[in-house]
Amino acid sequence: MTSPHIAAAALATLLVATAPVAYAETAAHSRTVAATGGETMIQPDQIRASKMIGSAVYDVQNRRIGHVKDLVLNRDGQVASVVVDVGAFLGMGGKYVAVNLRDLKSDHNRLTLDLTKEQLQQAQDYRLENRNTGAGTSTSPVHGGHLGSGR
């Protein structure tokens, strides 16, 4: 075999050997883009968790009934509960109540719930930490084991 034929054979072998790797990288990238829907910015029907936490919650009579304390996610990354702090005055005397995300409406750039403050105060208390199982207290690999401020 001549030198140009050897070089061509080596190049062909290299291309055949690396084609699956290049395909795998392209396929993995397209799956990542597909998983996020290919969106490049927040959509009108979406809300950022950082903007929701701490936001005041109002009832349909325009009375402030509490504020969003936290969002609880399930293993699939879906919001399982929105925890609302109700009844607190200067940070004391309140309790946490879990409501469904679908029950919160966003109108006029604020959150509204079709329940009264009195109804929420009668609702079952929601604990953000479970002393029996440790749920809600586990450490995260983010930021050296601390996902957020923990407040």
Among the residues of region 107-123, which ones are within 12 Å of Val86 (Cβ to Cβ) and either part of a helix (DSSP H, G or I) or under 24 Å from the mean Cα position of the chain (by Cα) (or both)?
-> Leu113, Lys117, Glu118, Gln119, Leu120, Gln121, Gln122
Look at region 109-131 and say how many of its residues are in contact (Cβ under 8 Å) with a residue 24 or more places away in the chain and surrounded by 12 or more Cβ atoms within 10 Å (Cβ to Cβ).
-> 13
Restricting to strands (runs of 3 or more DSSP E) lying wholly in region 12-99: which have 2 or more residues that are modelled with pLDDT of 55 or more, more than 17 Å from Arg127 (Cα to Cα) and not hydroxyl-bearing (Ser, Thr, Tyr)?
-> 56-58, 64-73
Counted residues, region 103-139 - those being of a type in the set (S, T, N, Q), under 12 Å from Val60 (Cβ atoms) and at pLDDT below 90 | 2
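The values are calculated or read from the model by the stated rules, or taken from the named source; none is laboratory data. Keep in mind that what you see is a predicted model, and the values were worked out from it rather than measured. Note that each Cβ is placed from the backbone with ideal geometry, even for glycine, and that neighbours are counted across all protein chains shown.
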